[in-house]
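Asks: Please read through the structure below; I'll follow up with questions.
The values are calculated or read from the model by the stated rules, or taken from the named source; none is laboratory data. Because the structure is a prediction, the values reported are computed rather than measured. Methodologically, a virtual Cβ is constructed for each residue, glycine included, from the backbone with ideal geometry; neighbour enumeration extends over all protein chains shown. The area values use the complete protein model at the heavy-atom level, side chains included, leaving out ligands, DNA and RNA. Shrake-Rupley method; radii C 1.70, N 1.55, O 1.52, S 1.80 Å.
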Amino acid sequence: TFLMGSPASEPDRGSDETPHEVTLTQGYWLGENEVTQALYEEVMGVNPSQFKGPELPVEKVSWDDAIAFIQKLNQRELDAGRLPEGIGYSLPTEAQWEYACRAGTTTANSFGATITPEQTNFKDSGLGKTTDVGSYPANAWGFHDLHGNVFEWTADWSGNYPAGAVSDPTGAETGSERVLRGGSWRSNGRYMRSASRLRDTPVHRDVTLGFRLSLQIQK
């Protein structure tokens, strides 16, 4: 159980970050890093990224592209006997993503009230491109680049948060845009915050858009 969203006192917060208690009742795994170009190309046979490098995060992938990758990966792993019955790869829900990003913290980001170019790759870093996954310090739970590098698609349709406590939320029932989290190499500090939310159409591709895998019970 954790408090999702941001308090009214948090600088640069968005109006759609209503704080509310969330309980996650099902265990799940999350990738230590964003999906790399090497893995994406291994599964899909193509690399759509603008900034090329095997250990760079794959980018210029839409939500639809990410789902196609996941479906193909699941089939490959099932055929190889590497997935237990009822377990599979997916995108994390928005709540699962924020829980992992916060890693038990309640500050604006997992490193504290502010973030620096030594902690993540964002606009203030001045690099103007993505960096190899895992190049920056992990949060307290061992996850790299949940702040910065590339925005990460989540499973959820974009919608307003509930006003009260909820268990295992999965976003709006339907919609026209999917939720993105985490900020990117081109984003300023406000988008590095653990509660920051962005949304985009499932078909949109951009040099700032990537994703991270979750492994969990398939419903």
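Asks: Please list, ordered by first then second residue, the pairs with beta carbon atoms under 7 Å, 6 or more apart or interchain, first in region 46-72 and under 10 Å from F211 (Cα atoms), second assigned to a loop (DSSP other than H, G, I, E, B) and of a type in the set (S, T, Y).
Replies: Close Cβ pairs satisfying both conditions: P57/T130; V58/S49; E59/S49; E59/T130; E59/T208.
Asks: Select, from V203, V166, V207, the only residue that is among the β-branched types (V, I, T), surrounded by fewer than 23 Cβ atoms within 10 Å (Cβ to Cβ) and in contact with a Lys or Arg (Cβ under 9 Å, 6 or more places away or on another chain).
Replies: V207
Asks: Moving on. Can you tell me how many residues within region 177-213 are of a type in the set (A, V, I, L, M) and farther than 24 Å from H20 by Cβ?
Replies: The initial filter retains those residues of region 177-213 that are of a type in the set (A, V, I, L, M), namely 179-180, 192, 195, 198, 203, 207, 209, 213.
Retained after the next criterion (residues that are farther than 24 Å from H20 by Cβ): 203, 207, 209, 213.
The total comes to 4.
Asks: Out of all the residues in region 108-125, which are touching a residue at least 60 places away in the same chain (Cβ under 8 Å) and open to solvent by 40 Å² or more (accessible area, probe 1.4 Å)?
Replies: Scanning region 108-125 gives T114, K123, D124.
Asks: Also: Name, by its number, the condition in (1) out of contact with any strand residue (DSSP E or B) (no Cβ under 9 Å at 6 or more places or on another chain); (2) exposed (fewer than 14 other Cβ atoms within 10 Å of the Cβ); (3) over 23 Å from G134 (Cα atoms) that does not hold for T23.
Replies: The failed condition is (1).
Asks: For Y99, are the conditions met, namely being under 17 Å from the mean Cα position of the chain (by Cα), open to solvent by 50 Å² or more (accessible area, probe 1.4 Å) and of a type outside the set (A, V, I, L, M, F, W, C)?
Replies: yes
Asks: Is at least one residue of region 179-194 more than 23 Å from V133 (Cα to Cα) and surrounded by fewer than 23 Cβ atoms within 10 Å (Cβ to Cβ)?
Replies: No: zero hits.
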